[in-house]
């Protein structure tokens with residue numbers, strides 16, 4: 001099989017997101033992470049993008065993936081889960097990435113517990129999409145497509 005020449009968008013998912021569809025469906029919805037990633041791949045194909053995805057249970061795994069994306073991927077979409085609020089190593093790693101970075105949250109952290117209101121990712125992200133549930137990854141891919149087109 002020939003290697004794709006499409007721009008690669010790395011979608012990173014943090015701790016516990018592998019439990020989507022099972023964990024608090026009243027907040028995060030009934031779709032599984034596999035459902036979200038399948039929909040993301042369909043959306044990406046329509047936009048002329050390729051998606052790679054990773055779910056990690058630690059900040060270290062995400063940092064390693066970000067480092068690996070630096071010369072290989074055109075953009076990063078990241079849903080860091082609870083790491084959003086304290087994993088400054090994600091901020092440092094993302095700051096070294098030169099392409100668009102879109103932060104995604106299925107729920108809206110600003111309407112939840114106070115400890116969820118600060119994001120250590122926001123200052124290095126091109127933008128944040130929050131509170132749109134299953135549409136979040138689709139919206140993020142559309143944003144990435146627009147940002148990449150503007151760079152040309």
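The values are calculated or read from the model by the stated rules, or taken from the named source; none is laboratory data. Only a predicted model underlies this, so the values are computations on that prediction, with no experimental measurement involved. For neighbour counting, all protein chains shown are included, and Cβ atoms are generated from backbone atoms with ideal geometry for every residue, glycine included.
Flag set for residue 36, criterion: part of a helix (DSSP H, G or I) and under 16 Å from residue 18 (Cβ atoms).
Among the residues making up the stretch 47-86, a single one is without any contact (Cβ under 8 Å) to a residue 24 or more places away in the chain and either touching a strand residue (DSSP E or B) at 6+ places or on another chain (Cβ under 7 Å) or over 19 Å from residue 100 (Cα atoms) (or both): 61. Restricting the stretch 82-108 to residues that are in a helix (DSSP H, G or I) and surrounded by fewer than 20 Cβ atoms within 10 Å (Cβ to Cβ) leaves a set whose member that is modelled with the lowest pLDDT is 85.
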